[in-house]
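Q: Can you keep this structure in mind? I'll have questions shortly.
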Amino acid sequence: MPDFPIVDCHVHLWDPTRLRMSWLDTHSRLNRPFGLPEYREATAGIDIAAMVYLEVDVDAPYTLLEAQQVNALAAKEDAKEDAKEDRLQGIVPSAPVEYGDQARAFLEALVAIGPRVKGVRRITQAEPDPDFCLQPRFVRGVQLLPEYGLSFDICINHRQLPSTIRMVAQCPNTSFMLDHIAKPDIKGSGLDPWRGHMRELAAFPNVSCKISGVVTEADPERWTVDDVKPYIEHALEVFGEDRVAFGGDWPVVLNAVPYRRWVETLDALTADLPLPVKRKLWAENARRFYRLTP
């Protein structure tokens, strides 16, 4: 376990009794409220200094409301005393970047929520068109983000890496964070062509990589540390010590392991790294990328 405060830059919180999340209909294990009390219980004994909230794929009518409600959890003037969470320093809401310039009104509404809104995400992993992110309006929407001081979290599966590389090439001024190391086929031992595509994506200096969502891509019942080791090590190698960041992916991680087991797994696989490099992975890089409070 890291013996210094860490930053979890991929936290989900949700209450499906309040905001509609259609995708949960077929996920019985996760189809219940997971809020701050549950997160605190799951992370007990782990020194988490700051958190970044990632949007939870609520149905489209709720996306702006989601960001507003999460911001209220961290705002002392808005939240109930027992619901406050000062460690919640960053929010990455969903945004319809595929509308191109027509997304401006939505982006303006997001940044008006307050400085905790650090970036946006538009999940494309389930899009049937592998080139969805190459639509001119999608690319234009992503290109707009620096005007609003926002980064872009990329949430894809490994099959969409080639199109993502081409999209990133058209957005040199946008800061990208690749979520879940692009969801490689760990269960099927599919290292290639994922490895080559990751190296190609990492060649862009404006792209960072979140070491998160790894164990859930392995066999949830039978995975071992050796199963995930080559994927984590490759991501760390190609992105380098300054462009990788830890993410807990709670509560989705519960599909494979408790939160603490994921932390222990990554800690064991990085045990030989020098302390300054560990601090970058577990805290400093996330603080810099998401511009969190020191």
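Values in this text are rule-based calculations from the coordinates and carry no lab data. Please read all numbers here as calculations on a predicted model, not as lab measurements. We place every Cβ from the backbone using ideal geometry, glycine too, and count neighbours over all the protein chains shown.
Q: Taking H as built 1.01 Å from N, whose amide H comes closer than 5 Å to the amide H of residue 250, not counting residues under 5 places away?
A: Distant-sequence amide H within range of residue 250: 12.
Q: Looking at the stretch 153-294, what % of its DSSP beta bridges pair antiparallel, to the nearest 5?
A: Around 10 percent of the beta bridges assigned by DSSP in the stretch 153-294 are antiparallel ones.
Q: Mind checking the full-extension length gain between residue 75 and residue 225? Use 0.36 nm per residue of separation minus the Cα-Cα distance, one decimal, nm.
A: 50.1 nm
Q: Answer with one residue from 225, 235, 263: the one whose Cα lies farthest towards the positive end of the charge dipole of the stretch 179-270, charges on Cβ with Lys, Arg +1 and Asp, Glu -1.
A: 263
Q: Counting only helical runs of four or more DSSP H residues, what would the 222 nm mean residue ellipticity of the chain come to if each run contributes -39,500 (n - 2.57) and the total is spread over all its residues?
A: The per-residue figure over the chain is -9000 deg cm²/dmol.
Q: If you don't mind, there's one more thing I want to ask. Counting other C-beta atoms within 10 Å, which of 9, 133 has the fewest, and how do the rest follow?
A: 133, 9
Q: Tell me, Kirkwood radius of the stretch 1-91 from alpha-carbon pair distances, in Å?
A: 14.0
Q: What does DSSP give for the stretch 6-290 in terms of the percent of beta bridges that are antiparallel, rounded to the nearest 5?
A: Beta bridges within the stretch 6-290, antiparallel portion: roughly 10 percent.
Q: Rounded to whole Hz and in sequence order, give me ³J(HN,Hα) for the stretch 154-162 from the Karplus expression 6.51 cos²θ - 1.76 cosθ + 1.60, θ = phi - 60°, writing x for Gly and Pro.
A: 8, 10, 9, 10, 4, 5, 9, 4, x
Q: Please compute, for the alpha-carbon atoms of the stretch 232-284, the extent along each of the three principal axes and give them in descending order in Å.
A: In descending order, the Cα extents are 29, 20, 18 Å.
Q: If you filter the stretch 1-42 for trypsin sites (Lys or Arg not before Pro), then keep DSSP loop positions with at most 15 other Cβ within 10 Å, what is left?
A: For trypsin sites (Lys or Arg not before Pro) across the stretch 1-42 that sit outside H, G, I, E and B with at most 15 neighbouring Cβ atoms in 10 Å, the list reads 18, 20, 29.
Q: Okay, moving on. Using amide H atoms built 1.01 Å from N in the peptide plane, name the residues 5+ places from residue 211, or on other chains, whose amide H lies under 5 Å from its own.
A: For residue 211, whose amide H was placed from the backbone, the distant partners under 5 Å are 245, 246, 247.
Q: Can you give me the pair-distance distribution of the stretch 6-290, C-alpha pairs, 10 Å bins, whole percents?
A: 6, 30, 39, 22, 3, 0
Q: Could you tell me the relative contact order of the stretch 6-290? Use alpha-carbon pairs under 8 Å, at least six residues apart, and round to a whole percent.
A: Once normalised by length, the contact order is 18 percent.
Q: On to the next question. If you filter the stretch 181-269 for GluC sites (Glu not before Pro), then keep DSSP loop positions with at most 10 other Cβ within 10 Å, what is left?
A: 221
Q: Take the cross-link list 118/280; 118/229; 187/280; 183/229 and give me the ones stretching past 23 Å between alpha-carbons.
A: Too far apart for the 23 Å limit: 118/229; 187/280.
Q: Output ³J(HN,Hα) for the stretch 253-264: one whole-Hz value per residue in order, computed from phi by the Karplus curve 6.51 cos²θ - 1.76 cosθ + 1.60 with θ = phi - 60°, and x for Gly and Pro.
A: The phi angles translate into 4, 5, 5, 10, 8, x, 3, 4, 5, 5, 4, 5 Hz.
Q: Calculate one ³J(HN,Hα) per residue across the stretch 191-202 by plugging θ = phi - 60° into the Karplus curve 6.51 cos²θ - 1.76 cosθ + 1.60, and present them in order as whole Hz with x for glycine and proline.
A: Per-residue couplings from phi come out as 6, 10, x, 3, 4, x, 5, 5, 5, 5, 5, 5 Hz.
Q: Here is a follow-up. How much length would be gained if the chain were fully extended between residue 65 and residue 135, taking 0.36 nm per residue of separation minus their Cα-Cα distance, in nm to one decimal?
A: Stretched out fully, the residue 65 to residue 135 stretch lengthens by 22.5 nm.
Q: What is the sum of charges, Lys and Arg at +1 and Asp and Glu at -1, for the other residues whose Cβ falls under 15 Å from the Cβ of residue 258?
A: Result for the local shell: -3.
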